[in-house]
Amino acid sequence: MMKLGTKIAAVTFVLLAAGPALAGKGGSAAKIQSAVTSGSVDAIVAEIERAESLMCERCVGIVTNLLEDDRYAVREAAAWWFAKRPAIKDMLATQFVTELASGDTIAVRNAADFLGRTMTYTSLPALRTAIKRTDVGADAKLAMVRAVKYMAHQSGNPVLTVAMTDADATVRAAAVAAWRDIRGQKDATPAVSLLADGDAQVRAEAATVVGAMGGVAGLSTLEALVVGDPDPFVRRNAAWALGKLGAASSRTALTTASTDKSGVVRGVARAALASIK
Amino acid sequence: MKQTMKTLALGTALVTAVTGAGCGSDDSEGPLGTDPLIILQRPKRNEMGDIFQYTSYVPKARLIKLDPPTADGTQTVICCDQDPALANIDISGYDISFDAKQIVFSGKLAANQAYGLFILNLDDGNVEQLSTDPGRDYVSPVFLPGDKILYTSNAVVEAGAPQHRDEYERGTTLQLGRINTDGTGDELGPRNLSHRTFPTLTSDGRIMFTQWDHLGPLNAGHLVFANQDMTNLREGFGKEGTGASNSTLKAQEIAPGRFVAIATARNRTIQAGALIDIRLGDVVTDDDGNVSAAARATEANATFRDLTPDVPHDNEPSVETVGRYYDAYPLDARDKASFVVSWADGPVESEVLGLAGLEANFGVYLYAPNSRGTYERRPILDDPAMWDVFPRPLRTRTAPPVVASQIDTNLGGMTLLGAMDVYQSSLKTFDQGDIYGVRISEGFSSEEGFPEMFGSTMFEGMATLGVAPVRTDGSWAALVPANVPIRIQTVDKFGMSNFSEPVWFSGRAGESRFCGGCHEDRAGSTVIDPGLTDAIAAGPTTFVAATKPRDDRKSSVYSRDAIVGVPWDGPVQAIFDAKCVSCHDGVPGPANPSYTITDPMTGAALTWTFDLRGDTLPAEFVELGGDSHFTRSYFSIVGPDMEAIEDADLVLSGTFKVYMEPENARGSLLLELLNPVKQFPNQDTGVRAFTTTPHMQGKGPDLTADEFYQLILAADNGASFFSRENNPGLDIY
């Protein structure tokens, strides 16, 4: 990325070849670098925000490196900074799309986070291909799900449906949670099938999505979960979902759940029961 | 002389009464009295630099009771080791019920969960979760009379619609909602285009909260009022030149019309700042020395007293012994009131602390005047590992009345907007006849799939629903979609704005928002002739666009009455292509002046020549323009991103002009040159807005009336490039 950053700066910035370019808000390349050296996420993000509109060749190189930082908050802020620099953003996006296909786990993670945060819709076809890769790990898959969620575009649905079958439970959970946040999403079916997932977090997220999207096909499974799942968060989310679905058949299960040993379930179940006419 | 304790010695520091006598454990009550204090303890952190940050999670928060409320009082953990499911909870806020028997709090149980609402029964310690969407965050709960709880949430009131995104801290916005204390009846209120946060209940039954107002150049957090049912949004404090800072938050009522609040900047201050004593109206002192300010309470009349004059109101680092205040709760209503506060010493600025690898350390203090009338800060509790925040006396309080607006079910789920006499205004002087109508526009932000910027002017997305005519008596009325942010402008007979409301507002389904005038004097009465207003007699104006679903609220054709959004690369470019580019083609000359952008540090320069063609910008200008979709015509008419120019200390020389001013078609050089025709009530090409010769005379066919209106709307709606009609997020990929 350092080489790419330098190349971009040389090609794009005619105006600011070597100036320190102190900004009206007090930002500068030196301050960004100082924050980076400190290692503090808060300092780095603060300086990136301070340099929001700063046009500075040296800044490009520094912030480009932050796109590969191990901390998501730093990568996200750096991507936000580049989103406000469209020409550079487009050049970086081209490079990152290539990384989706051939990079390792970390490279794919970084690429997906950049493409998602900069709303690079044209990367969606590449994301649909990359999610099927079997040679990258969960970090990469999670980033791809995150990217699709942020872009919230239906062209990203295939990414999520593939991710919902991933071997890693955190990927499946993230994918099903992201499903409801895609603009214009109507069909809860992919979430219904995850109500029976072997992982509690996945089941809990699926229950929420099924309830939020009115997935009546999941009704009987939810009724079983609310009284029988070993995880209180699954029972709680199932109770909430049953309240949203509002089916009379759920009364028995919710009545049982109203006396659940966990307070996070009881109150939700009682309210859900009261909402069923 | 101000005496400030810099360190706390637990068990030895004592709370002294205002009279100067007494210790924490003897008979003197002091301003704190004898009621226990409830305190929220959160593990220290540093990433809450922004005032709207609400997702921070560090496990092992707790609620404690300090009894008596002194430095040597007994601390009892009241939440949350009751339930294994709560073992890793973080708590962001809480409130005490009117009977002091329950606490409602906002808690996050694990890193992969959202903040939800919980009720703690103080009698038996039982904790139960309320039924809220597990996939959305619910924070800042406040008890309301009538067994309800008010909160803020990133849940969306409009089914299927994405929640608004804040442009600055890149987060999903918070909006108001309320729920019954038994978890039923969850309902969300109408939305602001940006955040609403830190609500509080006032003694007259209204709620007050901080609203981020972002419309064009306005970017600040102000206090606003609403009814408990989230209707009847009204100004509170912060605008009209009487504010204390960029952002005012965590207001708590001292007495009617009087509040203590935090004055701070939007970011890097860890939601902390100076303490200010706000008096919204005429100050009155009763026989007991209690001060209130309820009469003639308006933003224009408001004053404030800075209780901590050394504390920065911006986001500069503070200093040792000054620090910043996280929150304050009043203990009495004397002119110099006493408060229990949370305060941290040192810079209390997230970047400085981050560079040093430190966090702010908020502790609980009594902030009260001494016998000489000087404020002193006396320590009560400071756990060095925790933030000790939101100290509140555990005591009963009188519930205010339930305050709500009448909901009209005959409005078809829409909101009725209007005014009795639009000419009555405290912000603008109109001559009779100046105003033809009121243009109503809906706002949205990038959550609909747009890039970061709608245009180089930094305005939000806008869809114009229509123009409601002002009737003979000055009244107007219109039906608008409920729950969406609305901006109103008065327009003249040429369709150009003569005044723009600088903030968004919204109404609930069935709510009737009938103002006196156009920001009339809030302390006065609007006087009109008796009887029905003409607007009501005629019936409210209905707009076709307003009845459509969100995604369909866009232009099908671009005629005056059908236009909704104005995509620059649509009707605007079509005008230029048909009538302008034969001359204005980017070739330097009298028709195409040039200007130069220079970096004075290096001498490097770029030259731009006026060009109304629809090609996208050359690569070297894209950064200055703001988006790779922007065109030569857009750059020529609206100009470069001036914030970028300023921040980089670039110099413009030559014939630099901005031809389109956002929200100011009448003052835009483009419209002055073209000289638009009359639009309302009927289009008339024989009547011009200005006395100058129209630019097109002798040069070719003039613009049609509809084309003039397209340019006027483009300007008055913020001179943006993008609108729903050219949203790149709608394409298939």
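The values are calculated or read from the model by the stated rules, or taken from the named source; none is laboratory data. If you're wondering where the values come from, they're calculated on a predicted model, not measured in any experiment. Note that each Cβ is placed from the backbone with ideal geometry, even for glycine, and that neighbours are counted across all protein chains shown.
Here are some notes:
- Scanning the stretch B:209-248 for residues that are in contact with a Gly (Cβ under 6 Å, 6 or more places away or on another chain) and either of a type in the set (A, V, I, L, M, F, W, C) or surrounded by 24 or more Cβ atoms within 10 Å (Cβ to Cβ) (or both) yields B:Thr210, B:Trp212, B:Leu223, B:Val224, B:Phe225, B:Met230, B:Ser247, B:Thr248.
- The set of residues in the stretch A:82-102 being over 22 Å from A:Met55 (Cα atoms) and touching a residue at least 12 places away in the same chain (Cβ under 8 Å) consists of A:Phe96, A:Val97, A:Glu99, A:Leu100, A:Ala101.
- Any hit, the stretch B:106-124, residues being over 18 Å from B:Glu187 (Cβ atoms), among the charged types (D, E, K, R), assigned by TED's automatic domain parsing to the domain that holds B:Asp327 and crowded, with 21+ Cβ neighbours inside 10 Å: yes
- Scope the stretch A:183-205; condition in contact with a Pro (Cβ under 9 Å, 6 or more places away or on another chain), in a helix (DSSP H, G or I) and not acidic (Asp, Glu); matching residues: A:Ala200, A:Ala204
- Among the candidates B:Val58, B:Val77, B:Val104, residue that is at pLDDT 95 or above and assigned to a loop (DSSP other than H, G, I, E, B): B:Val58
- Note on the stretch B:436-470: among residues that are modelled with pLDDT of 95 or more and not in a strand (DSSP E or B), the one that is farthest from B:Phe721 (Cα to Cα) is B:Val470.
- Scope the stretch A:214-237; condition more than 18 Å from B:Glu128 (Cβ to Cβ) and hydrophobic (A, V, I, L, M, F, W, C); matching residues: A:Val216, A:Ala217, A:Leu219, A:Leu222, A:Ala224, A:Leu225
- Top-ranked residue in the stretch B:55-80 [being within 12 Å of chain A (Cβ to nearest Cβ) and over 32 Å from the mean Cα position of the chain (by Cα); ranked as nearest to A:Asp231 (Cα to Cα)]: B:Cys80
- Subset of the stretch A:218-252 (residues that are within 15 Å of B:Ser131 (Cβ to Cβ) and aliphatic (A, V, I, L, M)): A:Leu222, A:Val226, A:Ala238, A:Ala239, A:Ala241, A:Leu242, A:Leu245
- If you go through the stretch B:559-613 and keep only what is assigned to a helix (DSSP H, G or I) and either of a type in the set (Phe, Trp, Tyr) or closer than 20 Å to B:Gly461 by Cα (or both), you end up with B:Trp568, B:Asp569, B:Gly570, B:Pro571, B:Val572, B:Gln573, B:Phe576.
- Top-ranked residue of the stretch A:206-217 - restricted to ones that are at the interface with chain B (Cβ under 10 Å from one of its Cβ atoms) and part of a helix (DSSP H, G or I), ranked as surrounded by the fewest Cβ atoms within 10 Å (Cβ to Cβ): A:Ala212
- Count of the stretch A:192-201 residues which are surrounded by 21 or more Cβ atoms within 10 Å (Cβ to Cβ) and within 11 Å of another protein chain (Cβ to nearest Cβ): 1
- Residue list for the stretch A:89-108, restricted to those being closer than 20 Å to A:Gly61 by Cβ and either touching a Leu at 6+ places or on another chain (Cβ under 9 Å) or not assigned by TED's automatic domain parsing to the domain that holds A:Tyr150 (or both): A:Met91, A:Leu92, A:Ala93, A:Gln95, A:Phe96, A:Ala107
- Summed over the stretch B:238-260, residues that are more than 12 Å from the chain's Cα centre (by Cα) and part of a strand (DSSP E or B) total 9.
- Any hit, the stretch B:595-615, residues being over 21 Å from A:Phe82 (Cα atoms), in contact with a Leu (Cβ under 7 Å, 6 or more places away or on another chain) and of a type in the set (Phe, Trp, Tyr): yes
- The set of residues from the stretch A:95-112 being buried (at least 24 other Cβ atoms within 10 Å of the Cβ) and of a type in the set (D, E, K, R) comprises just one member, A:Arg109.
- Residue match in the stretch B:724-732 (condition: among the acidic types (Asp, Glu) and within 14 Å of chain A (Cβ to nearest Cβ)): yes
- Filter result (surrounded by fewer than 23 Cβ atoms within 10 Å (Cβ to Cβ) and of a type in the set (A, V, I, L, M, F, W, C)) within the stretch B:310-324: B:Val319, B:Val322
- The residue that is nearest to the other protein chains (Cβ to nearest Cβ), counting only those in the stretch B:595-652 that are in contact (Cβ under 8 Å) with a residue 24 or more places away in the chain and touching a Lys or Arg at 6+ places or on another chain (Cβ under 6 Å), is B:Arg632.
- If you filter the stretch B:173-201 down to residues that are surrounded by fewer than 20 Cβ atoms within 10 Å (Cβ to Cβ) and of a type in the set (S, T, N, Q), you find that the one that is nearest to B:Glu128 (Cα to Cα) is B:Thr181.
- Meets criteria (among the basic types (Lys, Arg), touching a residue at least 40 places away in the same chain (Cβ under 8 Å) and crowded, with 23+ Cβ neighbours inside 10 Å) for B:Arg666: no
- Qualifying residue in the stretch A:74-84 (condition: over 23 Å from B:Met453 (Cα atoms), within 16 Å of the chain's Cα centre (by Cα) and β-branched (Val, Ile, Thr)): no
- Restricted to the stretch A:225-276, the set of helices (runs of 4 or more DSSP H) holding at least 3 residues that are more than 11 Å from chain B (Cβ to nearest Cβ) and either modelled with pLDDT of 95 or more or crowded, with 24+ Cβ neighbours inside 10 Å (or both) comprises A:251-257.
- Where strands (runs of 3 or more DSSP E) fall wholly inside the stretch B:284-400, the ranges with 2 or more residues that are more than 14 Å from chain A (Cβ to nearest Cβ) and under 21 Å from B:Ala61 (Cα atoms) are B:324-330, B:339-344, B:363-369, B:375-381, B:386-393.
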